[in-house]
Structures are given as structure tokens and as C-alpha cells.
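Bear in mind these aren't lab numbers, they're just calculated from the coordinates by the rules spelled out. This one's a predicted model, so the numbers in the text were calculated from it and none came from an experiment. When we count neighbours, we look across all protein chains shown, and the Cβ atoms used for this are built from the backbone with ideal geometry, even at glycine.
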Amino acid sequence: MKYFTEKILTSLSKKATLTGYILDNSPEIDLERTRPAVLICPGGGYRFTSDKEAEPIAVKMNSLGCQVFVLRYSCAPAHYPTALFELATAVKFIRDKAADFYVDPQKIIVLGFSAGGHLAANLATKWDQPLLTSAGFIAEEIKPNALALAYPVITTGAFAHEDSFKALLGDEASAEDLLDVSLEKQVSDQTPPAFIWTVYDDAVVPVENTLSYVKSLKRVGVNCEVHIFAHGTHGMSLANEETAPKDSEQRSQAVAVWPKLFENWLKEIFK
């Protein structure tokens, strides 16, 4: 395995980093093998990027046969669209270097947790929009081929996680600003297919965030697989001993099956 950390430089920032976890090819198996790439956006309310949604997820995704990258994007006091530009740049970086990383450039999945889910879904809805293309990004270079979301922040409406949007936009956000980042309103038929999971009784980011996004995908005919587990708490990550202390509510055998469900979905959409 190769491991590296690269700075992600954009016109708005120079602090983001991209860490790669790259599986080697072997002559005993297949020197020409290419793999899907999973680009992880940890959560943290746009105030920090969570460790438990970074390397533990990367190692798990490696075990599913994926090349993996973790983006430590800019958080408050950096404001929108700084992190979005960083994520778009990271996708382009992976696609440009796909041969070096043994990646299939048409199998790049952006996987986001909580506020990182908002970031991932934002790129999924805006990869071909003027916010990015007028800033010099080429749409096809930054397009995610698929999207995966875990207990995502989505809406600025009645079920908003307000702290995330205050960190993202600042205290003086206009109604127009809030509408632009309410992602159930931004979905189009060009949004990539999605895998989404959450828990029904999430007390931090209500399940309605997921439901509103799924409803919008259905409306425009974009494929989606969604899993709503009956019980859990926000921020469960892998929901096992790798990401939660003993006797923690963040452990759940029922929820911990989600990586296998993700693996099955991945094989189905890229078969």
C-alpha cells in the first residue's frame, strides 16, 4: 500500500489536504487492475473534520477493494464556497492521476458524513453549474460518478442543522444564500446516483434531511438506495469498536452492516 498526503490548492484556500490510501497491484494477481475511488468528506458541522470519519472509514473502504482518499477541507472561519472548491479540486486531482493510483476515472465516488455529506451532495448537484464552471472548473473533470451519504445535512428548511449552516455561511446569510445550499432544492437529472443511510431517531440531523433529498432524486428520476435504521445516534461512523468506545450508544450491530450494503450497491451500479 502507498500512503501520501497532498495539499489541495484553490483560488480561495491553501490549507486543505488530501490523504491517499492506495492499494498496490501485484503481478501475482493483476498488474492492470483498476479500482473505484472513494473520496471521503468527514463530518464536523463545518467547524472541524472528524477523525472517526476519516482513517477508520478509509481502511474499511480499502477492505472493500477501493482506492481511498480523505479530504481535510477548510472549515469555519472559512466560508462557502471554499470547501466546495477544495472538493472539486480533489476530484480533478484523482481523475488526472487515475493511472498512477490504479483508479478507474469513471468510478469516483464521493462519500460524506453529516456536514461532510452536505459538502459531497453539494458537489453532486453543482458540478456543472456556473458557481464552479465560471471559476475555471471543467464540469466533466470534477463530476462525481456516484454519491454516498451517511446521516447527511441537507436542508436549510424546517429540519435544518442550523449550526452547520452558520459555520458554512456566517451569521449574515441571506434567504438566497440559504436556498442555494438547501440541496433538496438543487437536485437535477444530472445529479449522480446515490447510496444514503441514516437512523430514524437521529436527534441532531433529523431523518427528514435524508427523506427530502431522496424525494427530490425520485422526482427527477435519479437512482437511489436508502437505508434508514430504526435506532441510533448521530455520528455513528462504522458503528463498531473501531469508531466508538465500549458501551457507547454509537455501537450497533444493526447499523454496522452499512459498509456491506454499500459494497453491494457499488458492485451493482458499476457492473
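Could you calculate the contour length gain from Glu263 to Glu6, that is, 0.36 nm times the residue separation minus the distance between their Cα atoms, to one decimal place in nm? If you can, show how the numbers build up before the last one.
Values: separation 257, 0.36 × 257 = 92.52 nm, distance 2.70 nm.
My answer for the length gained is 89.8 nm.
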For this session: Tell me what the chain gives for mean residue ellipticity at 222 nm when only DSSP H runs of n ≥ 4 count, each as -39,500 (n - 2.57), the sum divided by the residue total, rounded to 500 deg cm²/dmol.
Result: -8500 deg cm²/dmol
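To the nearest 20 debye, what is the magnitude of the charge dipole of segment 206-271 about its Cα centre, counting +1 on the Cβ of each Lys and Arg and -1 on the Cβ of each Asp and Glu? Walk me through the numbers before you get to the answer.
Numbers: 8 positive and 8 negative charges, 73 e Å.
The dipole of segment 206-271 has a size of about 360 debye.
If you average 1/r across every pair of different Cα atoms in the chain and take the reciprocal, what Kirkwood value do you get, in Å? Write down the numbers at each step before the final one.
Details: mean 1/r = 0.0543 Å⁻¹.
Taking every pair of different Cα atoms in the chain, averaging 1/r and inverting gives 18.4 Å.
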Exercise. What FRET efficiency, computed as 1/(1 + (r/R0)^6) with R0 = 25 Å and r the Cβ-Cβ distance, is obtained for Glu162 and Asp201, rounded to the nearest 0.05?
Worked result: 0.80
For this session: Could you tell me what percent of the DSSP beta bridges with both partners in the chain are antiparallel, to the nearest 5?
Result: 30 percent
For this session: Ratio to report: Rg/Rh of segment 1-136, with Cα atoms as the point set and Rh obtained by the Kirkwood method; give two decimals.
Result: 0.97
For this session: Only loop residues by DSSP count here, and only those with at most 16 other Cβ atoms within 10 Å; note down the trypsin sites (Lys or Arg not before Pro) in segment 154-261 that meet that.
Result: Lys246
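Going by C-beta contacts inside 10 Å, put Lys7, Lys271 in order with the fewest on the left. Each step should come with its number before you reach the end.
Working: Lys7 10, Lys271 5.
With the fewest neighbours first, Lys7, Lys271 line up as Lys271, Lys7.
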Exercise. Once the Cβ-Cβ distance between Ser248 and Asp171 is put in as r, and R0 is 45 Å, what FRET efficiency do you end up with, to the nearest 0.05?
Worked result: 0.85
For this session: Could you work out how far the C-alpha centroid of segment 192-248 sits from that of segment 36-108, in angstrom?
Result: 19 Å
Exercise. To the nearest 20 debye, what is the magnitude of the charge dipole of the chain about its Cα centre, counting +1 on the Cβ of each Lys and Arg and -1 on the Cβ of each Asp and Glu?
Worked result: 340 debye
Seminar exercise, completed: Exposed GluC sites (Glu not before Pro) being those in a DSSP loop with at most 13 other Cβ atoms within 10 Å, the longest stretch of the chain free of them is 33-171
